[in-house]
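The values are calculated or read from the model by the stated rules, or taken from the named source; none is laboratory data. Not measured: the values here are computed from a predicted model. As a convention, Cβ positions derive from the backbone with ideal geometry for all residues, glycine included, and neighbour counts pool all protein chains shown.
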């Protein structure tokens, strides 16, 4: 299709007409003007929630992250023990429990489905936008607040995080809450207004940040505020931010779970705080190694089309403008602290930098607000409208792509197996842990996991094997029954079994159990296969041990 033909097609569609006075453009301009006039934070929250949650139900859980974290929450719910996160029935202390608690409650209230599984991230995204809107409306003005909310809510990066069931959006919302409440308290100190209640809430929010992702929930917002005030040379304000009710609130929120875990699982503190929070930050051997500058192109690409306006920040006039200088300084500190902190370790995941989206949205909102004045207002509003429509369209297209071409999942197999799985039947996973299988089977009964658990390479790779291996250290007796080698599993197959055994694997599972090469699967869905081993006596192949188990 030529460019001329493409333009003719666009003009034929009212919504995407290139004429400034077309009906489609007039509708979008009216919608944009209405959004800019919103005053209520509750209305912002409602719009954000409906928008972000609108497509969370359309696709299966994505592996490994969504299956892992939702699976842990599902185990909490089914076991009735909401204190101890468990992966395949084993204590799982890689991450703190806030996401699991909220997700378990959501699954209890709304049932076992993807919408409920992703609700924690959706609520966190809603909280982030709402707090940013309230804060900017209170301490800047309503127009910039509305613009920042529009921009943030339609960033594909932000919407993706709000629709992804892992811990990143939850801790991003907690960091946002801590910074916003702490900065609001600071501005109230400068105005001579009461501030202790807001500041105590900021400390409590930091406690929830700790329960969301660990020490970064305290360190990052604290660093943001400290560097901001140091840049303004307001050390007097910095001293007044340390209040005893705040430390009490932080301790009440963050410490009980830690104390309970250390009491019941000696060695928890060293593993969770020293190893998971400190050593892993400095470790260079974990997965996802990326260069220092990795997050810059990621941010620019995943915030399109809004990021096309970033070049305007290079204008010296923007930074010389004294209006909102203190707020701008906070946003610079916020953006740089998050960016630099997560750029230091060699292991990088995209979701880590979700906390820097609020200040990024503020900068873009200031740029658009400056253009929405004087003689250029209609042109700026038209530009804003097209950015808004295109950003929303990108979010919807991304959601549709995941529906049309979903990531691998055990949902299809589980729906077949669920009708045939008896209460006493045992599931065994072959050389892989299928995180989402228990969720889709609606069972929390631990599965046997068959692989070479004696391999010295397990500790070298941050994957499902290491997660289960580490979890097993806190419950060795239970791990000995669930984490079995091929040789051990072969012996189980060669004994009389009182229950049916379902083997779950893929086309390469015969490398683990040789006899599967000639045994057709009982169930199949995509690349995932299941074989039924009926209860009763030993299999015929048991006499040929050397041909059954990979040496």
The helices (runs of 4 or more DSSP H) lying wholly within the stretch 1-78 that contain at least 2 residues that are within 17 Å of the chain's Cα centre (by Cα), under 30 Å from residue 137 (Cβ atoms) and at pLDDT 85 or above are 41-53
Go through the residues of the stretch 280-291 one by one and say whether even a single one is under 26 Å from residue 145 (Cβ atoms) and either in contact with a helix residue (DSSP H, G or I) (Cβ under 9 Å, 6 or more places away or on another chain) or exposed (fewer than 13 other Cβ atoms within 10 Å of the Cβ) (or both).
-> no
Of the residues that make up the stretch 526-540, is at least one surrounded by 14 or more Cβ atoms within 10 Å (Cβ to Cβ), touching a helix residue (DSSP H, G or I) at 6+ places or on another chain (Cβ under 8 Å) and modelled with pLDDT under 80?
-> yes
Taking the condition over 23 Å from the mean Cα position of the chain (by Cα) and at pLDDT 90 or above, does residue 431 pass?
-> yes
Mind checking whether some residue in the stretch 166-178 is over 26 Å from residue 276 (Cβ atoms) and not in a helix (DSSP H, G or I)?
-> no
Among what's in the stretch 136-156 and is part of a loop (DSSP other than H, G, I, E, B) and within 25 Å of the chain's Cα centre (by Cα), pick the residue that is farthest from residue 51 (Cα to Cα).
-> 155
In the stretch 253-262, is there at least one residue being in contact (Cβ under 8 Å) with a residue 60 or more places away in the chain, surrounded by 12 or more Cβ atoms within 10 Å (Cβ to Cβ) and at positive phi?
-> no
(1) assigned to a helix (DSSP H, G or I); (2) within 15 Å of residue 246 (Cα to Cα); (3) out of contact with any helix residue (DSSP H, G or I) (no Cβ under 6 Å at 6 or more places or on another chain): which one isn't true of residue 202, the others all being true?
-> (3)
Determine whether the stretch 111-127 contains at least one residue that is free of Cβ contacts under 8 Å to residues at least 12 places away in the same chain and over 16 Å from residue 54 (Cα atoms).
-> yes
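So that you can scan it fast, the table gives a plain yes or no per residue for (1) over 26 Å from the mean Cα position of the chain (by Cα); (2) assigned to a helix (DSSP H, G or I); (3) farther than 23 Å from residue 336 by Cα:
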site	(1), (2), (3)
198	yes, yes, yes
233	yes, no, no
245	yes, yes, yes
251	no, yes, yes
255	no, yes, yes
270	no, yes, yes
276	no, yes, yes
